[in-house]
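A quick write-up on the structure given underneath.
The values are calculated or read from the model by the stated rules, or taken from the named source; none is laboratory data. Just so you know, these numbers come straight off a predicted model, no measurement behind them. When we count neighbours, we look across all protein chains shown, and the Cβ atoms used for this are built from the backbone with ideal geometry, even at glycine. With ligands, DNA and RNA removed, areas are computed over all heavy atoms of the protein, side chains included. Shrake-Rupley method; radii C 1.70, N 1.55, O 1.52, S 1.80 Å.
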Amino acid sequence: DVKVTQSSRYLVKRTGEKVFLECVQDMDHENMFWYRQDPGLGLRLIYFSYDVKMKEKGDIPEGYSVSREKKERFSLILESASTNQTSMYLCASSSAGTGVGGELFFGEGSRLTVL
Amino acid sequence: RKEVEQDPGPFNVPEGATVAFNCTYSNSASQSFFWYRQDCRKEPKLLMSVYSSGNEDGRFTAQLNRASQYISLLIRDSKLSDSATYLCVVNPNSGNTPLVFGKGTRLSVIA
């Protein structure tokens, strides 16, 4: 069974802290994505990557950075967490067969609260 | 500019009812379309792809109208377990552009 694993289901951090969200997939997918989901705003794409060491900005990259050192792992970094980054963060992956527009497999999500 | 628009609902329907959701998209070059389902506090999962000729999977029917740029999802004989948020998703089909998600339509099936 395909699997996208996010390292933490629930995190509570303080304003100004550096936050790492880790995501690992076991499907040998080329593409990986980070979204945030907020009530009334739907899924919003933060960053994506279509290859190791490659990254592309999504719709809301401000305040975030990413790292893709290995094919299976895609990390989201909040350099200095702020309260408006309190959200559900979802990682996803897809095969490169149809570019970056193929079926997405999501992790279970990481709910981050910034106090 | 809203690329993919959906009625947020909620749609509250009794068990056994038939319910339909529509979704409109703005990019006429889009080539492929999907419905994802998201249960409360869970991750989205692919429900079905939408083909030009329309497609059916059990109680679920998806249709595409390219001329009017909308996609529909019909659920027949609703079950309590169909309660979820249904996300309309469009592939812009332009190079390295990811899928575009609608904000979702919430369905509650009531006993």
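With the cut-off at 28 Å, tell me which of the pairs A:Lys57/B:Lys103; A:Lys13/B:Lys42; A:Lys18/B:Lys45 have Cα atoms farther apart than that. Before the final figure, lay out the partial values.
On the way: A:Lys57/B:Lys103 20 Å; A:Lys13/B:Lys42 22 Å; A:Lys18/B:Lys45 30 Å.
Distance filter (> 28 Å) returns A:Lys18/B:Lys45.
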Rounded, prolate or oblate for region B:10-80? Axes are the square roots of the Cα gyration tensor eigenvalues, ordered a ≥ b ≥ c, and the cut-off for rounded is a/c under 1.5. prolate
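Over the whole of A:46-56, what's the average partner chain Cβ count within 10 Å per residue? Rounded to a whole number, please. Write down the numbers at each step before the final one.
On the way: counts 0, 0, 3, 0, 2, 0, 0, 0, 1, 0, 3.
Partner Cβ neighbours, averaged per residue: 1.
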Nearest 20 debye, what's the magnitude of the dipole of the protein assembly as shown about its Cα centre given +1 on Lys and Arg Cβ and -1 on Asp and Glu Cβ? 460
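If you stretched the chain out fully between B:Tyr51 and B:Ser81, how much longer would it get, using 0.36 nm times the residue separation minus the C-alpha to C-alpha distance?
Details: separation 30, 0.36 × 30 = 10.80 nm, distance 2.50 nm.
That works out to 8.3 nm of additional length.
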Could you work out the mean count of beta carbons from other protein chains within 10 Å of each residue's beta carbon in A:21-31? 0
Work from the charge dipole of region B:1-105 (Cβ charges, +1 for Lys and Arg, -1 for Asp and Glu, about the Cα centre) and give the residue of B:Thr97, B:Cys40, B:Ala62 farthest towards its positive end. B:Thr97
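Is the protein assembly as shown best put as rounded, prolate or oblate by its Cα gyration tensor, with a ≥ b ≥ c the root eigenvalues, rounded for a/c under 1.5, and otherwise prolate when a/b is larger than b/c, oblate when not?
Working: a/c = 1.93, a/b = 1.47, b/c = 1.32.
The shape class here is prolate.
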Partner shielding of B:43-52, as the mean number of partner chain Cβ atoms within 10 Å, equals 3
Inter-part gap, Cα centre of region B:80-111 to Cα centre of region B:1-68, in whole angstrom, is 6
Regression test value, accessible area per residue of chain A, probe 1.4 Å, units Å², expected 48
